[in-house]
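One structure below.
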Amino acid sequence: MNILLVNPFSSTKYLSDFFKSTEHKTIALYTTEANEITEYFRPDPSYFDKQIFINLNDNDNIEEILKPYAIDFVINGTENYTHITDIIANKLTPNYANDSKTSILRMDKFQMHQHLAKSNLNYIKQYIFNYNEDNLEDFKLTHDITFPCFLKPLYGLASYFISKINSFEELQQKLDLFAHKKANAISTAPYYNN
C-alpha cells in the first residue's frame, strides 16, 4: 500500500518509524519548498520512502505529480493543513476522503466540540478566552469553569503550550504567560453527554 502523508510536521520521526515497521510505502508531500521549512520542522532525508516538495500553486497538478506513486490512502500530517489534505484526498482517493466543507471541524477543536454537542454526541465543554477582550474576573462569573481544566491556544500546534490548570489563580498566571497567543480555549473535563 502506498500512503501519502501531507505536511507531516507533527511527530515526524514517530510516523516515519511506524510506517517503516510495516510493509507500506510512504510518500511525504510538503506543500512548500524545502528551503522555506524552518530547521525545526525540516524532515530528515531518511524519513519516509520519498519526500516531495511542491508549491501550493502546483495543487492543480497534484494528480499528475503523484501519478507515478499510485497512492492508496492520504493522511493529514498536521492539523493546520487539514483543508489541503482533504482537497488532495478528494482528487487522489475520493472513496476515502473527508468532505473539505467540514475541514474546519477537524482543524478547530472548539468548533468540533460545538458541533459534537449540537449533534448530541459526547463532547468536551470549552470556552474561548480572548486575552485582549476578556477579563477573567468577569469571565468566571458567566462561565461554568471547573477544575482541573486545560488551557490551550486556540490555534496551536500539537501539544505546545497546553497546561493543566487547578485554580483561577493558576489560570490567570498561564493566561498572562500566553498573552501573545491572544485566543485560548479553556476545556473542562470530563466529557459531557447530551
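The values are calculated or read from the model by the stated rules, or taken from the named source; none is laboratory data. What you see is a predicted model; the values in this text were computed from it and never measured. All Cβ positions, glycine included, derive from the backbone under ideal geometry; neighbour counts span all protein chains shown. Calculation scope for accessible area: heavy atoms of the full protein, side chains included, ligands and nucleic acids excluded. Shrake-Rupley method; radii C 1.70, N 1.55, O 1.52, S 1.80 Å.
Taking Lys and Arg as +1 and Asp and Glu as -1, the other residues whose beta-carbon sits under 13 Å from that of Ile3 total 0. Database remark: amide H of Gln51 closer than 5 angstrom to the amide H of Ala28 (H placed geometrically; neighbours at sequence offset of 5 or more, or on other chains; Pro and chain starts carry no H).
Assigning unit charges at the beta carbon (Lys, Arg +1; Asp, Glu -1) and nothing else, what dipole magnitude in debye, to the nearest 20, does the chain show about its Cα centre? With only Lys, Arg, Asp and Glu charged at Cβ, the dipole is about 420 debye.
Calculated FRET efficiency, Asp72 to Ile104, Cβ-Cβ distance, R0 = 25 Å: about 0.40 to the nearest 0.05.
Surface composition of the range 1-147: carbon and sulfur make up 48 percent of the accessible area, probe 1.4 Å.
Within the chain, the longest run free of exposed loop sites, counting GluC sites (Glu not before Pro) that sit outside DSSP helix and strand states (H, G, I, E, B) and have at most 16 other Cβ atoms within 10 Å, spans 40-132. Per-residue 3J(HN,Hα) values for the range 86-92, derived from phi via the Karplus relation 6.51 cos²θ - 1.76 cosθ + 1.60 with θ = phi - 60°, read 4, 5, 5, 4, 5, 7, 9 Hz in sequence order (x marks Gly and Pro). Which far-off residues, 5 or more places away or on another chain, put their amide H under 5 Å from the one on Thr78, with H placed in the peptide plane? Amide H neighbours of Thr78: Phe9. Contour minus end-to-end for Leu141 and Leu56, with contour as 0.36 nm per residue of separation and end-to-end as the Cα-Cα distance? Length gained between Leu141 and Leu56: 26.0 nm.
Greater than 26 Å separation of Cα atoms is the criterion. Which listed pairs, Lys91/Lys152; Lys125/Lys164; Lys20/Lys101; Lys50/Lys152; Lys101/Lys164, meet it?
Distance filter (> 26 Å) returns Lys91/Lys152; Lys20/Lys101; Lys50/Lys152; Lys101/Lys164.
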